[in-house]
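K.L.:
Got a structure here, written out as structure tokens. Questions coming.
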Amino acid sequence: MLELTDVTVRYGQHRALEGASVKVAKGEIVVILGANGAGKSTLLKAASGICEGAVQGSVRIDGTELTGLAANKIVDAGLALVPEGRGVFPDLSVRENLTLGAYADRARDEENVTLDRVYSLFPKLRERGKQIVRTMSGGEQQMVAIGRAMMSNPTILTLDEPSLGLSPLLSKELFQNLSKVRDLGIGVLMVEQNAKQSLAIADRGYLIENAHVVHEDSAENLMRDPAVQAAYLGAG
Ligand code: ATP
């Protein structure tokens with residue numbers, strides 16, 4: 001279980017996030033929606049220990065406090081991030097990218113077992129093991145990025161705008177893959193612009209406006225909410 005409690009982030013004088021509390025259980029998909037600049041990426045970065053701002057509050061994974069830990073220790077504690085823009089090494093092969101994802105202490109000893117697990121989750125990555133990532137489509141590269149994050153054996157996988165730049169069809173495939181990750185019992189926390197497709201596979205969601213979490217509900221209720229429809233689902 002990932003628990004952010006009363007997290008505030010300041011960049012200098014600017015408060016990018018204020019008193020945000022978010023929970024993600026194992027085996028559920030949680031989506032964070034909000035306008036540009038609302039503080040969504042800041043929330044994910046604060047959880048992953050890569051935020052440039054001053055972070056206050058508590059981020060815990062299964063009770064272990066993560067705030068103040070170095071980013072690699074946070075990965076060791078079970079939290080993996082697929083950053084915006086994917087963070088893959090374009091000039092390396094699929095297999096090399098995956099192997100580099102196993103740097104965490106929690107994964108290194110079992111690298112081959114983990115690699116097999118990632119390959120059975122995404123068989124295409126096995127078929128394309130030798131392909132240089134730069135030559136792959138956007139959707140395939142996103143799969144490499146998720147596979148790479150999965151190589152650290154996370155209990156919680158976080159993703160910043162994973163569907164950015166993907167066609168609706170490839171986004172659908174991406175979200176189906178995230179459902180497969182959830183089915184392994186992993187908690188998935190993602191920031192998304194694509195509210196319609198992400199809510200369709202999510203269990204719960206949060207809305208962030210002007211640095212505040214303003215609403216939390218089941219994905220089903222959020223999809224039916226007129227305010228959500230007007231702001232994020234292109235209706236109204
Ligand atoms: P987007 O969808 O545009 O990425 P977001 O909801 O993810 O938006 P954040 O990236 O979290 O928003 O940014 C929240 C606020 O903090 C914005 O006003 C942004 O300009 C500011 N901000 C983000 N990163 C920094 C930084 N490194 N230094 C200063 N200000 C920052």
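K.L.:
Report for the chain the percent antiparallel among DSSP-assigned beta bridges with both residues inside it, nearest 5. Numbers along the way, then the final one.
P.N.:
Values: 23 of 41 bridges.
For the chain, the DSSP antiparallel bridge percentage is about 55.
K.L.:
Take H215, H14 and sort them by solvent-accessible surface of the protein heavy atoms, 1.4 Å probe, largest at the top.
P.N.:
Ranked list, largest accessible area first: H14, H215.
K.L.:
Go through A200, M151, N72 and say which Cα lies farthest out towards the positive end of the charge dipole of segment 2-233; charges sit on Cβ, +1 for Lys and Arg, -1 for Asp and Glu.
P.N.:
It is M151.
K.L.:
Could you tell me what percent of the accessible area of segment 77-172 is made up of carbon and sulfur, with a 1.4 Å probe and every protein chain present?
P.N.:
Here carbon and sulfur together make up 53 percent of the probe-accessible area.
K.L.:
Let me ask something else. Extension gain D217-L169, at 0.36 nm per residue separation less the Cα-Cα distance, in nm?
P.N.:
14.6 nm
K.L.:
Might you report the magnitude of the Cβ-based charge dipole of segment 2-233 about its Cα centre, with Lys and Arg at +1 and Asp and Glu at -1, to the nearest 20 debye?
P.N.:
Roughly 480 debye for segment 2-233.
K.L.:
Taking the Cβ of D160 as the center, what net charge do the other residues with Cβ under 11 Å away carry, scoring Lys and Arg +1 and Asp and Glu -1?
P.N.:
On the way: positive: K40, K45, R86; negative: E84, E161, E192.
In short, 0.
K.L.:
For A54, project a label point 7 Å along Cα to C-beta. Then give me every residue of segment 68-94 with its amide nitrogen under 19 Å of that point.
P.N.:
Once the point is set 7 Å along Cα→Cβ of A54, 68-69 turn out to lie under 19 Å by backbone N, inside segment 68-94.
K.L.:
Skip the ligands, DNA and RNA, and give the accessible area per residue of segment 2-233 with a 1.4 Å probe, whole Å².
P.N.:
Ligands and nucleic acids excluded, the figure is 44 Å² per residue.
K.L.:
Quick one: go through segment 17-40 and flag any residue whose amide nitrogen is under 19 Å from the point 7 Å out along the Cα-to-Cβ line of A71.
P.N.:
Correct set: 40.
K.L.:
Along the positive direction of the dipole of the chain (beta-carbon charges: Lys, Arg +1; Asp, Glu -1; about the Cα centre), which of P90, G37, G165 reaches farthest?
P.N.:
Positive-most Cα among the choices belongs to P90.
The values are calculated or read from the model by the stated rules, or taken from the named source; none is laboratory data. From a predicted model like this one, the values you see are computed outputs, not experimental measurements. Using ideal geometry, Cβ is built from the backbone for each residue, glycine included, and neighbour counts are taken over all protein chains shown. Heavy atoms of the whole protein, side chains included, go into the accessibility calculation; ligands, DNA and RNA do not. Shrake-Rupley method; radii C 1.70, N 1.55, O 1.52, S 1.80 Å.
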